Amino acid sequence: MTKGDWVDRCGRLLSDRGIENFSALEICDVGRERLGPYRSAVLRTPPLELLENVWMLIDVLEWLRAKNGTTGVLINSWYRDSRYNAAVGGVPHSMHTTCGAADIVKAGSIPSEVADMLEGHPHAKLFGIGRYKSFTHLDVRGMIGRPSPARWGSNA
C-alpha cells in the first residue's frame with residue numbers, strides 16, 4: 001500500500017470515528033528527520049490490521065490531551081516498520097512496530113509531568129511508560145496481550 005493509499009483509507013476511518021486531533025499521516029510519517037544526512041531508511045506504511053491498536057492508543061492520547069486543560073499532544077514517532085525501527089536504533093520487538101506506541105510531548109507540560117499524568121490514567125497498569133529528557137514514550141502493551149506494566153528511564 002502506498003503512503004497516499006494509507007492516508008486516504010486511514011483518514012476516512014479516523015473521520016468516521018470522529019477523531020479530529022490526530023491524522024493518518026501523523027501515524028505513519030513522523031520521526032524521519034532523526035535519521036540525519038548519512039543514514040536512510042524508507043518508512044513503510046502500517047498494515048491496516050494494526051488499526052485496532054491505533055484506536056486504543058488514540059483513546060489514551062485523547063484522555064491525555066484533556067488532562068489539566070485541553071492542550072495539544074504532539075507525536076514525535078508513532079508507527080515504525082521493523083527495518084525503520086532498526087535504522088533509528090529502536091529495540092527489537094518495539095511497540096512502535098504494532099502501531100500501539102508513540103513518543104509524545106504535551107504542550108505546556110514537561111516530560112516528567114506527562115509521565116506522571118499517564119500514571120494517573122485508570123488503565124495505567126496496561127501501559128508502557130518511558131521517561132526521557134525531551135519526550136515521553138507511551139504504549140498500550142497490556143491492551144494487546146503483551147506483559148504489562150513496563151516502566152523505564154528518567155526525565156533527568
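Miscellaneous remarks
- The listed residues are R141, R44, R131, and the only one of them that is of a type outside the set (G, A, S), in contact with a Gly (Cβ under 7 Å, 6 or more places away or on another chain) and within 25 Å of W6 (Cα to Cα) turns out to be R141.
- Yes/no for Y79 being under 20 Å from L25 (Cα atoms) and in contact with a Pro (Cβ under 7 Å, 6 or more places away or on another chain): yes
- Pairs linking a residue in the stretch 76-102 that is more than 16 Å from P46 (Cα to Cα) to a residue that is part of a strand (DSSP E or B) and at pLDDT below 95, with Cβ atoms under 8 Å and 6 or more positions apart or on different chains, are V88/S77.
- Of all residues in the stretch 133-156 being in contact (Cβ under 8 Å) with a residue 40 or more places away in the chain and among the basic types (K, R), the one that is farthest from V60 (Cα to Cα): R146
- Filtered residues of the stretch 84-126 (kept if within 24 Å of G69 (Cα to Cα) and among the hydroxyl-bearing types (S, T, Y)): S109, S112
- Residue match in the stretch 10-17 (condition: farther than 22 Å from I144 by Cα and in a strand (DSSP E or B)): no
- No other residue among L57, L61, L118 is crowded, with 18+ Cβ neighbours inside 10 Å, of a type outside the set (S, T, N, Q), over 24 Å from D8 (Cα atoms) and touching a strand residue (DSSP E or B) at 6+ places or on another chain (Cβ under 7 Å) apart from L118.
- Checking each residue of the stretch 38-49 against the condition of being of a type outside the set (S, T, Y), at pLDDT 95 or above and part of a helix (DSSP H, G or I) gives no match.
- Against the criterion of being surrounded by fewer than 18 Cβ atoms within 10 Å (Cβ to Cβ), under 30 Å from R9 (Cα atoms) and over 13 Å from the mean Cα position of the chain (by Cα), V42 qualifies.
- The set of residues in the stretch 121-132 being over 15 Å from D103 (Cα atoms) and in contact (Cβ under 8 Å) with a residue 24 or more places away in the chain consists of H121, H123, A124, K125.
- Residue check for L48: more than 11 Å from the chain's Cα centre (by Cα), crowded, with 18+ Cβ neighbours inside 10 Å and not polar (S, T, N, Q): no
- Number of the exception - A115 against (1) over 14 Å from F22 (Cα atoms); (2) assigned to a loop (DSSP other than H, G, I, E, B): (2)
The values are calculated or read from the model by the stated rules, or taken from the named source; none is laboratory data. Note that the coordinates shown come from a computational prediction; the quantities given were computed from them, not determined experimentally. For neighbour counting, all protein chains shown are included, and Cβ atoms are generated from backbone atoms with ideal geometry for every residue, glycine included.
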